[in-house]
Every structure is written in structure tokens, then in C-alpha cells.
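Working notes, structure below.
The values are calculated or read from the model by the stated rules, or taken from the named source; none is laboratory data. Given the structure is predicted, the values throughout are model-derived calculations rather than measurements. As a convention, Cβ positions derive from the backbone with ideal geometry for all residues, glycine included, and neighbour counts pool all protein chains shown.
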Amino acid sequence: MATTGPATVYYDPFDFDIDDDPYPIWKRMRAEAPLYHNDRFGFYALSRYDDVAEALPDWETFRSGRGTTADILFNNMEVPPGILLFEDPPLHDLHRKLLSKVFTPRRMLAVEDLVRGFCRRALDPLVGAGGFDFIAHLGAMMPMQTIGYLLGIPEQDQADIRDRAGIRIELAAGFTPGEINPKLFEESIIMFAEYIEWRAAHPSDDLMTDLLNAEIEEADGTVRQLTRTEVLAYTAMIAGAGNETTARLIGFMGQLLSDHPEQRRELAADPLLLPGAIEETLRFEPPSPVQARYVARDTTYYGHTVPAGSYMLLLNGSANRDESRFTDPDTYDIHRTTGHLSFGHGVHFCLGSALARLEARVAFEEVLQRWPDWQVDYANAERAHTSSVRGWARLPVLTR
């Protein structure tokens, strides 16, 4: 009941066929192997809601400091300071407190008009064209422009940064953890160096300027400014995380509202239902469904000990469809009120969750105003396979 043997359920986070539709396997894991062990890669996995919800905030047992994606964790890569996703308290708490001051309510208020303007400029030329691509025309563009505005990255450079960042997290078919680029962090960070140096000489009202001027109080009470490496790491983390996850959320919502036309028409008739539809999309198809952790101390599940030094995958995407928590969990229902674990839980709850929700809401307000009906062109759609998120690389739709 607790762990699997060679002839039972098999889960591999790097298998594209599994990644395209992991839900049947996750369902079997919840039923047959709630504590799963993979002999090939040597990791454990938890798939039930109660287990994942309890483990996510337990940073003393399940550490993020060695990486929170399977490829980085399994490779024992050294993670530079300043990447909040890959930190544990007390350093995580110091850095999160700093970033919470940077993501101010004033900035979030200013973002909505910008997002709406981006969407209108992208979508207006497509009216009457018979179709568009939720990723190419919206999901890949609007989040990067929003993050670029917040950070202070010139608009003409944003597409290049988005594309270069995307290439770094793409997985090739047959990928194994040993194939990860050893310069992944160095290359991700260094592409922002020129912007940081220019912004240091030309301060403005943006996140890069805030980070350059920010002071952090160490645990011993010492106050200091961030190092350039920390500023670079913060900037790279904000740019990468904010772009990829929101792009995949927009793609999934475009797909699901195509597959459920009656619910789409409800939203077109009453846009006030959109926040609930966004939450249900996040539950049903979370862009970031797997959280990797390093096990810092022995822990026990279902009568089996998970020893310190192990790798654990917390399957929040599986937990979101746990039959013990959700009624009809495999049914997409925009009127559902039960919560989800798609933004994490506890100390690592997603700092950009409000921004992602805002972007998705505005995007679909604008889409539904122009096209109350669309249908996915699945023959030309293409899945994305990355080290950190699930979703669509291309999602063309036909409109009326």
C-alpha cells in the first residue's frame, strides 16, 4: 500500500507521455502508493491532499535550499543566494520580507491598466481573422511585458529575454537529470547584468531601482545593501517565475473554456464569474504541479521511513484532484468553491499570486469581449515540456 514495486504504478517526472496527462497515474498513486518510491531516480513522492498540504509548510523537514525542481535537486546543483524559490528560513524570510516591500499595492494598482492596454493592442488586430493563438498572441507576450514594466526592462528587449529564458528550461525528449546545463543559474542571471548596471546609473520608478537601493537586515541585526549578485538573482527569479507560470495559466484556461462551452458562455454573459473560473483552472490544471524538496530529517509515512538525505516530490497537482478533498475532482466547474494548492502553502506561498490572478482576469475579460466562442485547433496545438511548469507551447483556436 505504501510504496511501489517494479510491476506496479510507475511515475517519472521527465517522461513526456506522463507529463502530457499525469492525472491517471497520480490517481493510482493516491490509491495504491500514497508514499511512492522511484528506484530509477531515487526519489519519493506524496500525492494525497492531506499529506501534501501538511508537508509544503514543513520547511524543517522538507527543504527548498537545494532546489525545488527535480532536475536541479537531483543534480545537487549549487544555488546562488537571492533566488527566493530555492531558500529556507531564516534567509528565505529575510529575502521574502524585502520582496514584499517591492511588490507594493501601489504598483499592483498601476499594473491593471497596463495589462489591459497590452491585451487590447495584441487582440484588436486579430478580430475578424478567424482565430488566434492563446500562447503566441497573449500568454507568451503579456506576462513578460507586465514583468518587464515592473522590473524596468526596455520593451524592445523583453521578447528576447523571454525566449532565452524559455530555452533554458526546455527539456529534450529522453532527458535525464545528469543532462542539466551546469551553467543554468549563471546564464539565467548574467543576461540581466547590463540592465542592472545601466539602472544603477539611471534610477527610475521600477523594481530594479528598488532592489539596488534596498537594505536587508541580517539575523545578527546588521543592515546592508544587496550585493550585485543578489540583485541579479532577484531580477532573474522575478522575470522567470512571473512569465512562465502565467503564460501556462492563460493557455490552460483557453483550452478548458473551449472544452466547456457552456461555462465559457456563462463567463461571457457575466465576467464577474471570472475569479472563480481562474481558481478552478488553477486547481484543475496547475502550471506548477510538482514541488521538489530535500528531506532534512527522517520522517515516516504509511509505516515507512523516508530517511534524511532523500529527495521528495510533493505533487500539488495530484492533491488538487484528491477524491477525499474534492467532489468530482476530475470535473471542471467554474462554480466550485473549494481551494487548491497551486500557489503552494505556508512560507513558500507564491508571492506573485495576486499578479497572476490579475493578469488572467484582465486577459479573459478582453478575450471574451471579442470572442464569446472559440474552439481549440488540437491538430496544430503543441505541449511544452520544461523542468518547472506544465502547459501549452502553442494553442491555436478558431473563432467565429
- line: Over the range 334-363, the set of residues of a type in the set (A, V, I, L, M, F, W, C), out of contact with any Asp or Glu (no Cβ under 7 Å at 6 or more places or on another chain) and more than 27 Å from residue 322 (Cβ to Cβ) is 355, 363
- request: Specify the residue that is surrounded by the most Cβ atoms within 10 Å (Cβ to Cβ); the eligible residues are those in the range 32-45 that are out of contact with any Asp or Glu (no Cβ under 9 Å at 6 or more places or on another chain) and hydrophobic (A, V, I, L, M, F, W, C).
  value: 45
- request: Give the residues of the range 226-240 that are under 20 Å from residue 89 (Cα atoms) and in a helix (DSSP H, G or I), sorted by residue number.
  value: 229, 230, 231, 233, 234, 237, 238
- request: Output yes when any residue across the range 193-200 is β-branched (Val, Ile, Thr), modelled with pLDDT under 80 and surrounded by 14 or more Cβ atoms within 10 Å (Cβ to Cβ), and no when none is.
  value: no
statement: Exactly one of 109, 73 is crowded, with 19+ Cβ neighbours inside 10 Å and assigned to a helix (DSSP H, G or I), and that residue is 73
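Here's the yes/no breakdown for (1) more than 30 Å from residue 17 (Cβ to Cβ); (2) of a type in the set (Lys, Arg); (3) in contact (Cβ under 8 Å) with a residue 60 or more places away in the chain:
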{"residue": "315", "(1), (2), (3)": "no, no, yes"}
{"residue": "327", "(1), (2), (3)": "no, no, no"}
{"residue": "337", "(1), (2), (3)": "yes, no, yes"}
{"residue": "348", "(1), (2), (3)": "no, no, yes"}
{"residue": "353", "(1), (2), (3)": "yes, no, no"}
{"residue": "358", "(1), (2), (3)": "yes, no, yes"}
{"residue": "368", "(1), (2), (3)": "yes, no, yes"}
{"residue": "379", "(1), (2), (3)": "no, no, no"}
field: Test set (1) touching a residue at least 40 places away in the same chain (Cβ under 8 Å); (2) among the hydroxyl-bearing types (Ser, Thr, Tyr); (3) on the phi < 0 side of the Ramachandran plot - residue 302 fails condition number
entry: (3)
- prompt: Is it the case that some residue within the range 214-225 is part of a helix (DSSP H, G or I) and either out of contact with any Asp or Glu (no Cβ under 7 Å at 6 or more places or on another chain) or modelled with pLDDT under 80 (or both)?
  reply: no
Residue check, residue 61 at pLDDT below 85 and over 20 Å from the mean Cα position of the chain (by Cα): no
- line: Restricting the range 279-317 to residues that are among the hydroxyl-bearing types (Ser, Thr, Tyr) and closer than 20 Å to residue 250 by Cα, the one nearest to the chain's Cα centre (by Cα) turns out to be 288
field: Failed item in (1) surrounded by 21 or more Cβ atoms within 10 Å (Cβ to Cβ); (2) farther than 30 Å from residue 207 by Cβ, with residue 251 passing the rest
entry: (2)
- prompt: Of all the helices (runs of 4 or more DSSP H) wholly in the range 260-327, which have at least 2 residues that are aliphatic (A, V, I, L, M) and surrounded by 22 or more Cβ atoms within 10 Å (Cβ to Cβ)?
  reply: 274-284
- line: Checked against (1) of a type in the set (Ser, Thr, Tyr); (2) surrounded by fewer than 18 Cβ atoms within 10 Å (Cβ to Cβ); (3) at pLDDT 80 or above, residue 176 satisfies every condition except (3)
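Step by step: first the residues of the range 44-64, then only those that are assigned to a loop (DSSP other than H, G, I, E, B) and either without any contact (Cβ under 8 Å) to a residue 40 or more places away in the chain or of a type outside the set (Ser, Thr, Tyr) (or both), then the one that is farthest from residue 313 (Cα to Cα). Which residue is that? Walk me through how you get there before you give the answer.
We begin by selecting, within the range 44-64, every residue assigned to a loop (DSSP other than H, G, I, E, B); these are 47-48, 56-61, 64.
Still in the list and also either without any contact (Cβ under 8 Å) to a residue 40 or more places away in the chain or of a type outside the set (Ser, Thr, Tyr) (or both): 48, 56-60.
Working: 48: 12, 56: 10, 57: 14, 58: 14, 59: 14, 60: 16 Å.
So the residue we want is 60.
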- request: Search the range 331-344 for residues being out of contact with any helix residue (DSSP H, G or I) (no Cβ under 7 Å at 6 or more places or on another chain) and surrounded by fewer than 17 Cβ atoms within 10 Å (Cβ to Cβ), and hand back the single one that is modelled with the highest pLDDT.
  value: 331
field: Hits in the range 201-242 - residues which are surrounded by fewer than 16 Cβ atoms within 10 Å (Cβ to Cβ) and either among the hydrophobic types (A, V, I, L, M, F, W, C) or on the phi > 0 side of the Ramachandran plot (or both)
entry: 201, 219, 221, 223
- line: Among the residues of the range 76-100, the number that are modelled with pLDDT of 80 or more and assigned to a loop (DSSP other than H, G, I, E, B) is 4
